[in-house]
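Let me begin by presenting the structure, written as C-alpha cells, before commenting on it.
The values are calculated or read from the model by the stated rules, or taken from the named source; none is laboratory data. Since the model is a prediction, treat every value here as computed from it, not as a measurement. Cβ sites come from the backbone with ideal geometry, for glycine too, and all protein chains shown count toward neighbours.
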Amino acid sequence: MIIGLTGQTGSGKSTVCTILEKQGYYICDCDKISKEVMADGASLLYVLAKAFGDDILDGDHLNRRLLADKAFREKDLTELLNSITHPAILKKCKEDMSKAFEEGYEHAVLDAPTLFESGADKLCDYIVSVSAPENVRLKRILLRDKIHIDQAKTRMGAQKDESFYIENSDFVIRNYPPFDLDEQVRELVEEIRNHKA
C-alpha cells in the first residue's frame, strides 16, 4: 500500500515520516531522491542550466539554493522546474518503492511536497496532508534552511493554499499546539489498517 504524504513547506512532514518509519513503514523521501537524481543526471543539469542560467551550476554541481531562488519567484518558473525534474524523480521513486515491497514492506510512504503537481497522487492508495499555521511554518523554515525571511516567504508563496491539501486528502495531521502529533499518527496508522481491510 502506498501512502502519499504531503503538505506545505515547514508543516513537519519529515517529523511524521520519522514516527511512521519507527512503525515499520518504508519512507520514500522525494527531496532526498531529487538530490540523488540531480547528482547523477548530467543531462538533467544541462536542461536546468539552459532553462535557469549557467550560474546555477558550479562545475558539475547544482547550486540548489540559487535554483530555488530563481524557480520560486514566479508560478511559471516553478512549473517549468517541476516539468523538468518531476519525471526523473517519480521514476526513481517507483523503482525504490517496488524494491521495498519486494523486500517485504507492507506500506510505503511517498513523502512528496509536490504530490499533486507531479501526478504522484495517482500512485497512492491513501493521501495524508500535514498542516501548520503560516507563522509556525515560517519559524521552522528559517531554523531548518538558514535562509533570509524573504526567501522563506517566496517559497511558501509558491505552494498551494492549505485548504487545497485538506480538501484533497483522506487524513489531515495538525502538527502544532495544542494537537498531539503522536496521537494523530496512531489514529492514522489505525485508519490505514482499516482502509486496507
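Looking only at the range 66-78, count every residue that is surrounded by 13 or more Cβ atoms within 10 Å (Cβ to Cβ) and out of contact with any Asp or Glu (no Cβ under 8 Å at 6 or more places or on another chain) and tell me the total.
Taking the range 66-78 and keeping what is surrounded by 13 or more Cβ atoms within 10 Å (Cβ to Cβ), we get 66-73, 77-78.
Narrowing the set further to residues that are out of contact with any Asp or Glu (no Cβ under 8 Å at 6 or more places or on another chain) leaves 67-73, 77-78.
Qualifying residue count for the region: 9.
Go through (1) outside any loop (DSSP other than H, G, I, E, B); (2) at positive phi for ILE19 and report which single condition fails.
Condition (2) is where ILE19 drops out.
Among the candidates GLY24, GLY12, single out the residue that is under 23 Å from GLU102 (Cα atoms) and either within 11 Å of the chain's Cα centre (by Cα) or surrounded by fewer than 20 Cβ atoms within 10 Å (Cβ to Cβ) (or both). Reasoning before the result, please.
On the way: GLY12 fails: under 23 Å from GLU102 (Cα atoms).
From the options GLY24, GLY12, the qualifying one is GLY24.
Counting only residues that are modelled with pLDDT of 95 or more and of a type in the set (Ser, Thr, Tyr), which one in the range 15-55 is nearest to LEU90 (Cα to Cα)?
Top of the filtered list is TYR26.
Just checking, how many residues over the range 116-149 are free of Cβ contacts under 8 Å to residues at least 60 places away in the same chain, under 25 Å from THR85 (Cα atoms) and of a type in the set (D, E, K, R)?
Qualifying residue count for the region: 4.
(1) part of a helix (DSSP H, G or I); (2) touching a residue at least 12 places away in the same chain (Cβ under 8 Å); (3) under 30 Å from VAL16 (Cβ atoms): which one isn't true of TYR105, the others all being true?
Status for TYR105: all satisfied but (1).
If I filter the range 19-61 down to residues being of a type in the set (Asp, Glu) and in contact with a strand residue (DSSP E or B) (Cβ under 6 Å, 6 or more places away or on another chain), which single residue comes out as farthest from ILE84 (Cα to Cα)?
Filtering the range 19-61 for residues of a type in the set (Asp, Glu) gives 21, 29, 31, 36, 40, 54-55, 58, 60.
Pick out the ones that are also in contact with a strand residue (DSSP E or B) (Cβ under 6 Å, 6 or more places away or on another chain) and you get 21, 29.
Numbers: GLU21: 30, ASP29: 18 Å.
Only one residue fits best here, namely GLU21.
Mind listing whichever residues of the range 148-189 are at pLDDT 95 or above, surrounded by fewer than 16 Cβ atoms within 10 Å (Cβ to Cβ), among the acidic types (Asp, Glu) and outside any helix (DSSP H, G or I)?
ASP180
Within the range 126-147, which residues are hydrophobic (A, V, I, L, M, F, W, C) and exposed (fewer than 15 other Cβ atoms within 10 Å of the Cβ)? Write out each step before concluding.
Looking only at the range 126-147, we keep the residues that are hydrophobic (A, V, I, L, M, F, W, C), and these are 127-128, 130, 132, 136, 138, 141-143, 147.
Matches in the range 126-147: LEU143 only.
Might you check whether a residue that is buried (at least 19 other Cβ atoms within 10 Å of the Cβ), farther than 22 Å from ASP29 by Cβ and touching a residue at least 12 places away in the same chain (Cβ under 8 Å) occurs anywhere in the range 43-61?
Yes; the residues of the range 43-61 include at least one that is buried (at least 19 other Cβ atoms within 10 Å of the Cβ), farther than 22 Å from ASP29 by Cβ and touching a residue at least 12 places away in the same chain (Cβ under 8 Å).
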